[in-house]
Amino acid sequence: MIELSPSYQSARAAFLAQAEAKGYAIENNLLQGYRGIDDELLYCDIARKGHDGNNKCIVISSGLHGVEGYCGSGVQHQLLLQETLEHLPQDISVIFIHAFNPYGFSFSKRVNENNVDMNRNFMDYTLQIPLDDDIKEFNETVFPLQWKGSHLSDVFEAVYQYREQRGVSQLQTVLTGGQYHYPGGIFYGGTEPQWTRKLWDRVCHELAAEFEHVVHIDIHTGLGENGDCELMYLGGNQDKIKDSVIEWFGEDIVKIPGTEGSTSKPITGHLASHLDNFNVNNIAIALEFGTQDIDHVLVSLINDSWLQANPDCSDSERRRIIQTVRDAFMTPSDEWQTRIWQQSKLFVEQAVAGLKAL
Ligand SMILES: [Zn+2]
């Protein structure tokens, strides 16, 4: 089973120690100007292993949504520990990206240091991003215009009223699709590329320069039944890519966000789409592990948005909210941790087998 570290710092230390022991070359990318919850420095660490001239690569990343990194880091650590990726053919390189969003990881938040959802930040900001009517209505009539000084109970009363009238599915659609006009709200994609995006952009350049084929597996939590894994196909710039994905993992397994059978609504500006801008064949998938029902998960994020704007609240309130968010994105039980590992191992092995055959 995977281990869930108690903090970003301990997760990072465990990952680095194991990557080093297995002979990976490690690059530490410092998020300048910020410190973590224990005043620690914040890094996104990249570990690479392979040979010059390799033309294929598997990339496994964690923590794009901060707090989801506890699970993602646990998977990465276990992949290293179990040597799942140790005996690959000579032409396949491995890259681990640990804690894409270290600030969110450290503070147990889904968003980054600017309240930006990093899986909505990959937009073309030279274009005007239109404001959807439903998102406008929700953010201007249900959510408080000023989160600072608002009462959490009032916020929830308005949200529950909306859910009562429109249903949970519509609530999920209006909240999670991504929005670019309400910086204090949730699933906010920002108005400019964030640090993590710049980092991924640089890595994409390197991937395109070095490899012909890249498989990218990004690890997430918070959608689906507890312990289940949804394998989301998020793109790839070749016509036959989707067929390959189905062949590798099975038709019943592969889901596309926003279509039948997926727990995710359609989303904008996600990370996986970015590699399509580079001259490299790529297959981008996300593993989404279920924790609590969507209602609980959304409640935790609304709590967190409120905390972001009201940092002077009582210590007990702060601790309650942080715990609510952690509970929404990981389940510390042997059964959950075992299921996460079994499914991660299987999908990574299937991806490697597919990559080998290319
Ligand atoms: Zn996520």
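What follows is calculated from the coordinates using simple rules that are stated; it is not laboratory data. The structure presented is a predicted model; accordingly, all values stated were derived computationally and were not measured. Because the Cβ atoms are built from the backbone with ideal geometry, glycine has one as well, and the counts that use them run over all protein chains shown.
Structure summary
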{"read-out": "Region 182-295: relative contact order in percent, alpha carbon pairs under 8 Å with at least 6 residues between", "value": "42 percent"}
{"read-out": "Neighbour-count order for 175, 88, 41, fewest beta carbons within 10 angstrom listed first", "value": "41, 88, 175"}
{"read-out": "Cβ-based exposure ranking for 98, 77, in which fewest neighbours within 10 Å come first", "value": "77, 98"}
{"read-out": "Radius of gyration and Dmax over the Cα atoms of the chain, both given in Å", "value": "19.6, 59"}
{"read-out": "Inter-centroid distance (Cα atoms) of region 141-207 relative to region 239-318, Å", "value": "14 Å"}
{"read-out": "Inter-probe distance in nm under a simple model that places probes 7 Å from Cα toward Cβ, at residue 349 and residue 276", "value": "3.2 nm"}
{"read-out": "Inter-probe distance in nm under a simple model that places probes 7 Å from Cα toward Cβ, at residue 309 and residue 114", "value": "2.0 nm"}
{"read-out": "Difference of contour (0.36 nm per residue) and Cα-Cα distance, residue 206 to residue 342", "value": "45.9 nm"}
{"read-out": "Ellipticity estimate at 222 nm from DSSP helix runs (n ≥ 4, -39,500 (n - 2.57)) divided over the chain, nearest 500", "value": "-12500 deg cm²/dmol"}
{"read-out": "Stretch gain in nm, segment residue 28-residue 81, where the contour uses 0.36 nm per residue and the Cα spacing is subtracted", "value": "17.0 nm"}
{"read-out": "Listed residue (168, 13, 270) projecting farthest to the positive dipole end of the chain, Cβ model", "value": "13"}
{"read-out": "Dipole magnitude of the chain, debye to nearest 20 (Cβ charges: Lys/Arg +1, Asp/Glu -1, about Cα centre)", "value": "460 debye"}
{"read-out": "Likely footprinting exposure, 180, 8, fewest C-beta neighbours within 10 Å first", "value": "180, 8"}
{"read-out": "Segment residue 51-residue 356, extension gain: residue separation times 0.36 nm, minus the distance between their alpha carbons", "value": "108.3 nm"}
{"read-out": "GNM flexibility winner over the chain from 71, 313, 204 (Cα, springs under 10 Å)", "value": "313"}
{"read-out": "Length-normalised contact order of the chain in % [C-alpha pairs under 8 Å, at least 6 apart]", "value": "21 percent"}
{"read-out": "Candidates 169, 73, 62, ranked by Gaussian network fluctuation over the chain, Cα under 10 Å, top entry", "value": "169"}
{"read-out": "Label point distance in nm, residue 37-residue 160, each placed 7 Å from Cα along Cα→Cβ", "value": "2.7 nm"}
